[in-house]
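Notes follow once the structure below has been shown.
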Amino acid sequence: MTASAPWMDNKLVKWIDQRMPVFSTMQHAAMDYPTPRNLSYWWNFGSLAGFMLVVMIVTGVILAMHYTPHVDYAFSSIERIMRDVNYGWLIRYIHMNGGSMFFIVVYIHVFRGLYYGSYKAPRELLWWLGILILLLMMATAFMGYVLPWGQMSFWGATVITNLFSAVPFFGEHIVMWLWGGFSVDNPTLNRFFSLHYLLPFVIVGVVGAHIWALHTTKSGNPLGIDIKGPQDTIPFHPYYTVKDMFGVGVLLIFYALMVFFAPNLLGDAANYIPANPLQTPPHIVPEWYFLPYYAILRATPDNFIGNWIGFTLVPAKLAGVILMFGSIFILAVLPWLDTSRVRSARFRPVYKKVFWLFVICCAALTWAGAKPPEGLALWVARIGTFYYFFHLIVLLPVIGWFERPLALPKSISEPVLTGGKA
């Protein structure tokens, strides 16, 4: 534990802290928190995700002041923000591209967790909270994409909400509840705007629980071994706050390049056309961060399973919905699917290679999701979907049983103090 910060000696700070220990809690959680001394820059992406969450909330609140959630005025209100509101174009581009940057840092954060076994005991609840944050992000992003009420917004909302009609018995009722009527219309836009405004604050609450669980079980590290004593840790401040500030600076460089030089790089030109329920776009494509799941959704053949047993057991639409949602929920059971006693892939020679095959699989699914479901793209989606589940359900347990991991260091400080050699 480090000495108290100078500002803790301030009389006003002491007076407040005696009655409500805000400042001492902040010092304990954000400054004195004992952090593994070997964290690499891959551990920056958690704080970068928190930074992007704040950016999205601030810009979203400003945009909500000028947005009109009505099917007759939504598109024109967006154009007014872009043309007439002071720096409205900048706020909108920061918010629009901020969604992409948010997903980039979160996806890297997730893949880092997969590589270093951050989901293993005793961090299962921490991992579940992270999955919940990802699901809330997806819901928030989808509803936000509908708000401009352009062609892709309208038809994206129509296609995605219609997926729930595949649910047996209750599907049609769920769809009508989502729509607020018999089609995607003004009630749909109103409830999507309301939830898009609300969910980021729900995410803040879950992030708080995520950090609480992190501080309870302590941070993981590249070696994947537990903290053995004070020699393995250093205070979070100033060592990692400086490192995080450097990471924010690098992120802002790429963020600014996108906002000022390529603001529509990851968007769709069809969304600059007002929504027209009578004209379907030739190719309906969601935002890039949904493309892997979109590829999985469309990968199932007609008469799924029935092709082998002679009759339709699971319709292709329902099978696609099950696989799409299953690709996310299966991550919740990773702590039990991975049977290896070693956390970090650094000491797992077989899993390390297989992990990169999984990354390539996810990249291939992203590419396939952006293409029409035909020809090569359809086969890439089907092979990628098969390998995605094969990797998680079959390879992870089997590799854990038969792999011979390398020897682990005795402590975190050992390789640090010996120049990286255990």
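The values are calculated or read from the model by the stated rules, or taken from the named source; none is laboratory data. Bear in mind the structure is a predicted one, so any value in this text is a computation, not a measurement. Backbone-built Cβ (ideal geometry, glycine too); neighbour counts: all protein chains shown.
Among the residues making up the range 367-417, those that are of a type in the set (Ser, Thr, Tyr) and part of a helix (DSSP H, G or I) are Thr385, Tyr387, Tyr388, Ser413. Farther than 29 Å from Ile131 by Cβ and part of a loop (DSSP other than H, G, I, E, B): is that true of Val71 in this structure? Answer is yes for this residue.
For every residue, the table says whether it meets (1) charged (D, E, K, R); (2) at pLDDT below 95; (3) under 30 Å from Ala157 (Cβ atoms).
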site	(1), (2), (3)
Gly247	no, no, no
Val250	no, no, no
Ala256	no, no, no
Gly267	no, yes, yes
Asn271	no, yes, yes
Gln279	no, yes, yes
Asn303	no, yes, yes
Trp308	no, yes, no
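If the condition is being of a type outside the set (A, V, I, L, M, F, W, C), in a helix (DSSP H, G or I) and free of Cβ contacts under 8 Å to residues at least 60 places away in the same chain, then the range 166-188 contributes Gly171, Glu172, His173, Pro187, Thr188. Within the range 216-230, the set of residues being in contact (Cβ under 8 Å) with a residue 24 or more places away in the chain and part of a loop (DSSP other than H, G, I, E, B) comprises Lys218, Ser219, Gly220, Asn221, Pro222, Leu223, Gly224, Ile225, Ile227, Lys228, Gly229. Applying a threshold of 7 Å to beta carbon distances and a minimum spacing of six or more residues, or different chains, the list of pairs starting in the range 189-215 at a residue that is under 23 Å from Thr68 (Cα atoms) and ending at one that is at pLDDT 95 or above and exposed (fewer than 14 other Cβ atoms within 10 Å of the Cβ) reads Tyr197/Ala64.
Can you pull out the residues in the range 218-248 that are among the hydroxyl-bearing types (Ser, Thr, Tyr) and out of contact with any Pro (no Cβ under 7 Å at 6 or more places or on another chain)? Across the range 218-248, the qualifying residues are Tyr239, Tyr240, Thr241. Cβ-Cβ contacts under 7 Å between residues 6 or more apart (or on different chains), taken from a first residue in the range 102-123 that is under 17 Å from Leu252 (Cα atoms) and in the same structural domain as Ala49 (by TED's automatic domain parsing) to a second residue that is at pLDDT 95 or above and among the aromatic types (Phe, Trp, Tyr), are listed as Phe103/Tyr289; Val105/Phe45; Ile108/Phe45. What are the residues in the range 25-41 that are in a helix (DSSP H, G or I) and buried (at least 17 other Cβ atoms within 10 Å of the Cβ), if any? Residue satisfying the conditions is Gln27 alone.
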